[in-house]
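The values are calculated or read from the model by the stated rules, or taken from the named source; none is laboratory data. If you're wondering where the values come from, they're calculated on a predicted model, not measured in any experiment. A quick note on method: Cβ atoms are made from the backbone with ideal geometry, for glycine too, and the neighbour counts reach across all protein chains shown.
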Amino acid sequence: MRIAYFAYTNLNNHGAPRIHVRAIAEGLADKGHEITLIVPAGFGGIEHENIRTVEISSRPHHTVFWSMKARTWLAKNRDNFDIVYLRDFYNSTPIAKASKAAGLRIVIEVNGSLKNEISVSAEKFKYRMIGNIDRYFYLRRRFKIADVIIAVSPGLIDEYAPFAGGREKFSFLPNGVDIDLFAPSAEKEILREELDLSRFKPLLGAVGSILKYHIESPV
């Protein structure tokens, strides 16, 4: 299957978004699908025999303008694909509408709780305003167009189902751990001594933010 995978994700930056995009793209490519990964110019790519990266530039560099450029690109290349996979982001509605106009089936992946992410953002007012416009108006349009909606946590299905008119379109696809980046130490006692940690007290460590939909995931 020829898949157009749209992701407004900087693949040069280390972190969860990069890992998730690579996992999806490489997983589909390993199954023999032909993947065209469409990202903003300068955001990097993925090396794989079944993955081709297309970088689309926009000025100014913002999701609104990039989505419009991506929409135009998809309209011109519609005959080269069987399906569109969209990693959902602010203002991605033009891509969803272009998929529908081209007669292509579209899968939309929701990978985070907009409500919770706004609550921990340093720029709360800015993102609350943008997020609420997208959440309560454009998101419903994208979900209406989508053939399938993938959520990376059951908690996200609970949150977003009302915007899609129910749970029928949703599928749960759990995020995993990249074992190449996660290497638990076998020398725990030595590590405790180096970090001056007590041998008799439990230690809870966390990287990043722990949000409600993270905790509720069965993974």
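Results, tabulated for the structure shown:
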item	result
Failed item, numbered, when ASP30 is tested on (1) within 21 Å of PHE89 (Cα to Cα); (2) modelled with pLDDT of 90 or more	(1)
Hits in segment 61-101 (condition: surrounded by 17 or more Cβ atoms within 10 Å (Cβ to Cβ) and assigned to a loop (DSSP other than H, G, I, E, B))	PHE81, ASP88, PHE89, TYR90, ASN91, SER92
Set ILE157, ILE130: member being modelled with pLDDT of 90 or more and surrounded by 16 or more Cβ atoms within 10 Å (Cβ to Cβ)	ILE157
Residue match in segment 44-58 (condition: within 23 Å of ILE133 (Cα to Cα) and without any contact (Cβ under 8 Å) to a residue 24 or more places away in the chain)	yes
